[in-house]
Amino acid sequence: MNSFIGKTALVTGASRGIGRAIALRLAAQGAALAINYNGSKDRAEAVAEEIRATGGRAVVLQADVADPAAVQAMFARFFECYQRLDILVNNAGITRDALLIGMKQEEFQAVIDTNLAGSYYCMQLAAKKMIHQRSGRIINISSYSGVHGNAGQVNYAASKAGVIGMTKAAARELGGRGITVNAIAPGFIETDMTAALSEKSKQAILSGIPMKRIGAAEEVAAAAVFLAGDDAAYITGQVIAVDGGLSI
Ligand code: NAD
């Protein structure tokens, strides 16, 4: 098992769902955590408490990742708490689903601003520190939708495809500095994001998944922790699907 003792990690959107699962798992393996949240302070504090209760170290950092000034302030606070940044997980994400012909500009822009620009703001500030350290791991949470597209998600698919392009470009730029940059493309994972889907939509999705079940946040976290660890030292610029075979 990878040990993250002596390492630090910042996970965006970590108050619930996949981000929470990644933060808990990194902490369980020894990393000192920063739990980013936008609106859910209580839930973020609860994640930090859960980590502290088992002897781990965690701080909560509020920031809307779509706001570059807020991200800058979050990183400044991060470096008041921790001297180094070993692992960045860009997990914060939103959906504003609508069919193309009915999609409002605000729905398109909000998703791009959070999912794509937000990951860029965080990656840039993390990379500056990691270049000095000559080491680091950046893990971007993309989506099946970003690789294959999904009806009703022109905005979301564009943002998540953008995340993959950004991942590959940054991997090429940063590889020589000992920094790896990878993406995870989850399929259909049981979280608040997918809870809103109708039973009919869920059944339709399930019929296309070879493993015939919805994934768990912990199963995405397992891939993230692998990419963050020493076992993945020579893996960069990759997109790992965690989707029960949906993308085969
Ligand atoms: P979720 O809605 O439970 O969690 C998303 C988190 O991001 C929340 O904590 C939310 O508060 C936070 N967030 C949203 N906007 C933010 C902002 N502007 N600034 C800071 N935090 C913000 O959903 P989830 O399923 O856990 O999603 C996590 C990631 O996984 C997202 O990037 C999502 O697109 C991706 N993903 C999810 C699925 C799935 O099936 N659940 C599939 C593919 C990809």
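Bear in mind these aren't lab numbers, they're just calculated from the coordinates by the rules spelled out. As the structure is a prediction and not an experimental result, all values here were calculated from the model. With ideal geometry, Cβ positions are generated from the backbone for all residues, glycine too; neighbour counts draw on all protein chains shown.
For Lys212, work out the one condition from (1) more than 23 Å from Ala23 (Cβ to Cβ); (2) in contact with a helix residue (DSSP H, G or I) (Cβ under 8 Å, 6 or more places away or on another chain); (3) surrounded by 15 or more Cβ atoms within 10 Å (Cβ to Cβ) it doesn't fulfil.
It is condition (3) that Lys212 fails.
Tell me the residue from Ser135, Ser143, Ser159 that is touching a residue at least 40 places away in the same chain (Cβ under 8 Å), under 30 Å from Lys7 (Cα atoms) and surrounded by fewer than 22 Cβ atoms within 10 Å (Cβ to Cβ), please.
It is Ser135.
Determine whether the range 102-123 contains at least one residue that is among the basic types (Lys, Arg), within 30 Å of Ile5 (Cα to Cα) and in a loop (DSSP other than H, G, I, E, B).
no
Any idea how many residues of the range 158-217 are part of a loop (DSSP other than H, G, I, E, B), among the basic types (Lys, Arg) and near the ligand (Cβ under 9 Å from one of its atoms)?
Of the residues in the range 158-217, 0 are part of a loop (DSSP other than H, G, I, E, B), among the basic types (Lys, Arg) and near the ligand (Cβ under 9 Å from one of its atoms).
Examine the range 57-73 for a residue that is farther than 21 Å from Met123 by Cα and either surrounded by fewer than 23 Cβ atoms within 10 Å (Cβ to Cβ) or touching a residue at least 24 places away in the same chain (Cβ under 8 Å) (or both), and state whether such a residue exists.
yes
Across the range 27-42, which residue is farthest from Ser119 (Cα to Cα) among those that are among the small types (Gly, Ala, Ser) and within 12 Å of the ligand (Cβ to nearest atom)?
Ser40
For the range 1-26, give me each residue that is hydroxyl-bearing (Ser, Thr, Tyr) and within 15 Å of the ligand (Cβ to nearest atom).
Thr12, Ser15
Has the range 27-37 got any residue that is on the phi < 0 side of the Ramachandran plot, crowded, with 21+ Cβ neighbours inside 10 Å, under 13 Å from the mean Cα position of the chain (by Cα) and among the aromatic types (Phe, Trp, Tyr)?
Yes, the range 27-37 contains a residue that is on the phi < 0 side of the Ramachandran plot, crowded, with 21+ Cβ neighbours inside 10 Å, under 13 Å from the mean Cα position of the chain (by Cα) and among the aromatic types (Phe, Trp, Tyr).
In the range 32-55, which residues are among the hydrophobic types (A, V, I, L, M, F, W, C) and within 23 Å of Pro186 (Cα to Cα)?
Within the range 32-55, Leu33, Ala34, Ile35, Ala44, Val47 meet the criteria.
This table checks each residue for (1) within 15 Å of the ligand (Cβ to nearest atom); (2) farther than 22 Å from Ile112 by Cβ.
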residue: Ala44; (1), (2): yes, yes
residue: Arg57; (1), (2): no, yes
residue: Val60; (1), (2): yes, yes
residue: Gln72; (1), (2): yes, no
residue: Cys81; (1), (2): no, yes
